[in-house]
Amino acid sequence: QKSERQSWKKSIDFLFSTSGYCIGLGNLWRFPYLCFENGGGAFLIPYLLFTCVFAIPMMILETSFGQSFRSGVIKSWERIPIFKVAISGYCIGLGNLWRFPYLCFENGGGAFLIPYLLFTCVFAIPMVILETSFGQSFRSGVIRSWKIIPIFKGIAFAQMVANLYASSSYIIIMTWITKYLVSSVSSNLPWTSCENQWNTKHCVSLLSSHNSTNNVTLFELRISAAEEFWSHEVLGKSRGLEHVGSLRPDLVLYLSLIWISGYFVTFKGIKWSSKVFYVTATLPVVLIIVVTIRGCTLDGAWEGLRFYLYPDLSKLMNFKVWITAAEQVTYSIAVGNGMLLFLASFNKRNQNFCRDALIIAAANAVTSFISGLAVFSSLGFLATKLNTTMAAVASFGPGLVFIAYPQSISLLPFPQVWSFLFFLILLLLGFDSQ
């Protein structure tokens with residue numbers, strides 16, 4: 001434990017020292033000549049402009065950075081459970097809701113749980129123990145921690161770059177989710193009708209055709225209203241790479257708000273973010289349980305759950321199933337990207353990281369399993385309403401949460417309420433991981 005670092009006794013001491021550093025010989029012999037050479041008093045206009053738009057923001061950035069990350073007493077989580085909540089919130093993300101259920105369905109149903117749980121025990125838990133113990137021991141950031149082993153310090157920079165790429169793409173998905181969340185408060189859900197400006201002549205409304213005897217053509221020959229809303233209104237797909245298109249004002253607004261929200265959550269360190277974790281990590285799990293209970297009461301729900309959980313043990317003979325399980329465990333627990341190390345650096349040195357690793361892995365696996373119940377109970381309901389098969393409505397990734405699931409929700413009583421809850425779950429899951 002390092003001793004408390006000294007501080008300025010008065011704020012004016014900092015102002016005097018900084019001003020003394022900035023005001024130097026250049027102010028006396030360089031500025032007057034530049035002013036004379038470049039228009040006299042007119043030179044003051046660009047000078048003051050750049051002072052306002054560049055110098056002041058940069059000084060705010062640098063001083064706030066130094067003020068926040070001053071070395072000395074190392075901050076720790078105020079309460080022990082916050083670390084487990086923070087790590088679980090980071091690990092439990094969108095992949096648990098839209099990736100795991102479909103992989104389980106595609107790779108043997110309940111049989112897929114065998115390699116999944118095996119890799120959780122023999123790979124995920126040991127890796128969580130390794131990373132959390134590493135961060136807890138050195139109690140520093142990612143880059144400073146890896147400097148302890150000079151030959152491996154490049155790993156820290158690779159982890160930072162990987163996180164930069166992941167954050168930049170992940171926040172785009174959150175922007176799409178926000179678009180759906182805002183659309184959920186409208187009197188008529190926009191993905192249920194073909195009377196919108198983005199719809200084409202090939203559009204078919206789910207609400208007007210789900211009682212038809214030939215509903216299977218909805219997925220085979222026509223384009224559903226939900227798919228057109230996703231492709232044309234949300235993504236705004238152009239005709240090709242040569243047509244760049246324009247900025248979407250609503251999506252730009254949502255993207256900006258998410259970035260600003262992320263800044264305000266983290267700019268004061270764990271003092272603020274730890275309080276936010278309690279909401280963003282626990283509320284989605286509660287809402288998932290609520291949606292699951294509602295889904296299991298729908299017509300056709302048990303047919304969907306049968307497709308999700310019915311074990312096909314012959315799939316275990318396929319080596320690809322085992323590779324898929326290992327990929328999902330690695331992707332879901334987020335090992336190797338430095339975040340486990342960073343969050344564990346705020347632990348006290350006597351924290352029981354082995355117990356934490358077991359709790360984190362169990363929370364991740366259980367949430368994935370319950371998410372599958374929520375998704376496939378609703379897809380079973382959709383398949384029953386459309387008089388088609390589960391294979392026709394089950395999809396992967398964005399197609400599941402932005403097309404198939406909204407269609408299922410639109411057939412429920414009070415669809416706006418359930419749509420809002422579902423996309424709120426996705427937004428909180430994404431925000432916590434972001």
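All of 290, 285 fail the test of being buried (at least 16 other Cβ atoms within 10 Å of the Cβ) and either at pLDDT below 80 or under 28 Å from residue 419 (Cβ atoms) (or both), apart from 285. Residue pairs whose Cβ atoms lie under 8 Å apart, sitting 6 or more positions apart in sequence or on different chains, and linking a residue in segment 381-392 that is within 12 Å of residue 299 (Cα to Cα) to a partner that is assigned to a helix (DSSP H, G or I) and of a type in the set (Ser, Thr, Tyr), are 381/408; 382/408. Residues in segment 401-408: is at least one surrounded by 23 or more Cβ atoms within 10 Å (Cβ to Cβ), modelled with pLDDT of 80 or more and in contact with a Gly (Cβ under 7 Å, 6 or more places away or on another chain)? The answer is no, given that none of the residues of segment 401-408 is surrounded by 23 or more Cβ atoms within 10 Å (Cβ to Cβ), modelled with pLDDT of 80 or more and in contact with a Gly (Cβ under 7 Å, 6 or more places away or on another chain). When you look at residue 162, is it part of a helix (DSSP H, G or I), of a type outside the set (S, T, N, Q), in the same structural domain as residue 232 (by the TED database) and surrounded by 14 or more Cβ atoms within 10 Å (Cβ to Cβ), yes or no? No; evaluated as a whole, the condition is false for this residue. Provide a single number: the residues in segment 143-177 that are more than 21 Å from residue 431 (Cβ to Cβ) and aliphatic (A, V, I, L, M). The number of residues fulfilling the criteria is 8. Of all residues in segment 130-149 being of a type in the set (Val, Ile, Thr) and over 24 Å from the mean Cα position of the chain (by Cα), which is surrounded by the fewest Cβ atoms within 10 Å (Cβ to Cβ)? Among residues in segment 130-149 that are of a type in the set (Val, Ile, Thr) and over 24 Å from the mean Cα position of the chain (by Cα), the one surrounded by the fewest Cβ atoms within 10 Å (Cβ to Cβ) is 149.
Based on what the data block shows, is residue 330 surrounded by fewer than 17 Cβ atoms within 10 Å (Cβ to Cβ) and closer than 30 Å to residue 140 by Cβ?
Judged against the criteria, residue 330 is a match.
With the structure loaded, tell me whether residue 417 is in contact with a Leu (Cβ under 8 Å, 6 or more places away or on another chain) and among the hydrophobic types (A, V, I, L, M, F, W, C) or whether it fails that test. Considered against the rule, which asks whether it is in contact with a Leu (Cβ under 8 Å, 6 or more places away or on another chain) and among the hydrophobic types (A, V, I, L, M, F, W, C), residue 417 comes out as no.
The values are calculated or read from the model by the stated rules, or taken from the named source; none is laboratory data. Everything numeric in this text was worked out from a predicted model, so none of it was measured. Note that we place each Cβ from the backbone using ideal geometry, even for glycine, and neighbour counts take in every protein chain shown.
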